[in-house]
Amino acid sequence: MTAAAPPDVCIIIAAKNAADTIARAIASALAEPETAEVVVIDDGSTDDSASVARAADDGTGRLNVVRFEENRGPAAARNHAIAISHSPLIGVLDADDFFFPGRLGQLLLEDGWDFIADNIAFIDAAQAANAHGRIDRFAPTPRLIDLVGFVEGNISRRGVRRGEIGFLKPLMRRAFLDQHGLRYNETLRLGEDYDLYARALANGARYKIIHSCGYAAVVRGNSLSGSHRTIDLKRLYEADRAILAGSRLSSDAEAAVRRHERHIRDRYELRHFLDLKNQQGFGRAIGYALTHPAALPAIIGGILADKTERFRPSGSPAPLALGGKGDVRYLLETLAVDQPQK
């Protein structure tokens, strides 16, 4: 009889004001036999997130809770967790989310990867307690994704539901991160996951995706990930520019990153224009637009699109749980195992 492999996964959780959900997240990570460490970074919470996290300890010595006195952002929190952990595999869990039982084991059945992610179920907060029994079973159907596919999967289009691959929560091999000097960009408060994975792919990472669903993302109206500042958009498109300047990319990959940079920059220009209008008046906003002609298409197009939104067929541009019936929505569209093949 072959002995079970020792646990070799570190789960890192960056938490800010997550006292209501952090215990569930920790419990789901500790319940996985493959989990060697759970490192929680309380990122300057003003509630009792840290004490609630410590109370979730199961007595196995695998939980480490560290508190930042001031908020430094999820990228800094995750980098610190990586620095103080030791396991060869690293996984990220958001503080209001949780794992379904068996998630890590399913991922580790696969080989030939530096990053590996599975499907995500978006769960309404009120349905989280009984979500596991309502999840469809999906065949793993593993596939590798390249930089072009990853970047294109993170460009949204109005009225079209996107499967934003940047939302995926992969396991990562520490050896690959260390070999290429990869860590989260601490200037980013938006898209820090996208940026890390894009830079890894630019460095040749093998990123495998399976369709089995092991990660539950809880949808709440006050989620921190649902809001961002205008400056966060600027820093994200600047991160794309850094990838373009610092990586030797194929022509297709370069074109994809440029499309993403333009997509984020257009969103920034519209938001910046509206900020100026709201804070300094319409004249100041118009003055900015006239002195920045390159921004005009994004500003005019964005305003027209907003004005005509109600005339277009309704779509779902972001992966949210479905309406009042508590239905489950999946990030990756696929065919459930129990459904008849067509």
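Restricted to helices (runs of 4 or more DSSP H) entirely inside the range 132-218, those with at least 2 residues that are modelled with pLDDT of 90 or more and either among the hydroxyl-bearing types (S, T, Y) or farther than 20 Å from Y237 by Cα (or both) are 174-179, 192-202. Residue by residue through the range 9-26, note down the ones that are farther than 12 Å from R62 by Cβ and either in contact with a Pro (Cβ under 6 Å, 6 or more places away or on another chain) or hydrophobic (A, V, I, L, M, F, W, C) (or both). Within the range 9-26, I12, I13, A14, A15, A18, A19, I22, A23, A25 qualify.
Mind counting the residues in the range 114-131 that are over 19 Å from the mean Cα position of the chain (by Cα) and either outside any helix (DSSP H, G or I) or modelled with pLDDT of 95 or more (or both)? So the answer is 1. Within the range 127-152, residues that are at negative phi reach partners that are among the basic types (K, R) and crowded, with 18+ Cβ neighbours inside 10 Å with beta carbons closer than 6 Å, at six or more positions or on different chains, in the pairs P142/K208; L144/K208.
Screening the candidates R271, R248, R259 for the property of being under 26 Å from the mean Cα position of the chain (by Cα) and loosely packed, with under 13 Cβ neighbours inside 10 Å yields one hit, R248.
Among the candidates N64, N17, N71, which residue alone is in a loop (DSSP other than H, G, I, E, B), in contact with a strand residue (DSSP E or B) (Cβ under 6 Å, 6 or more places away or on another chain) and either surrounded by 21 or more Cβ atoms within 10 Å (Cβ to Cβ) or in contact (Cβ under 8 Å) with a residue 24 or more places away in the chain (or both)? Result: N71 is the single residue among N64, N17, N71 that is in a loop (DSSP other than H, G, I, E, B), in contact with a strand residue (DSSP E or B) (Cβ under 6 Å, 6 or more places away or on another chain) and either surrounded by 21 or more Cβ atoms within 10 Å (Cβ to Cβ) or in contact (Cβ under 8 Å) with a residue 24 or more places away in the chain (or both). So is D96 part of a loop (DSSP other than H, G, I, E, B) and crowded, with 21+ Cβ neighbours inside 10 Å or not? So D96 fits the description; yes. Quick check: anything in the range 116-135 under 24 Å from S49 (Cβ atoms), surrounded by 16 or more Cβ atoms within 10 Å (Cβ to Cβ) and charged (D, E, K, R)? Yes, the range 116-135 contains at least one residue that is under 24 Å from S49 (Cβ atoms), surrounded by 16 or more Cβ atoms within 10 Å (Cβ to Cβ) and charged (D, E, K, R). Among residues of the range 241-264 that are under 14 Å from D195 (Cα atoms), those with a Cβ under 7 angstrom from a residue that is of a type in the set (S, T, Y) and assigned to a helix (DSSP H, G or I), sequence gap 6+ or separate chain, pair up as E261/Y237; I264/Y237. Taken together, I135, I155 contain a single residue that is in contact with a helix residue (DSSP H, G or I) (Cβ under 6 Å, 6 or more places away or on another chain) and of a type in the set (A, V, I, L, M, F, W, C), which is I155. Residue check: N119 meets all listed conditions (1) within 16 Å of V218 (Cα to Cα); (2) touching a Pro at 6+ places or on another chain (Cβ under 8 Å) but one, namely (2). Reported count of residues in the range 238-270, each being of a type in the set (K, R), closer than 20 Å to H180 by Cα and either touching a Ser or Thr at 6+ places or on another chain (Cβ under 8 Å) or part of a helix (DSSP H, G or I) (or both), is 1. The set of residues in the range 99-114 that are within 17 Å of L332 (Cα to Cα) and buried (at least 21 other Cβ atoms within 10 Å of the Cβ) comprises F99, R103, L107.
The values are calculated or read from the model by the stated rules, or taken from the named source; none is laboratory data. Computed from a prediction, not measured in an experiment: that's the story for all the values here. Positions of Cβ are backbone-derived with ideal geometry, glycine not excepted, and every protein chain shown enters the neighbour counts.
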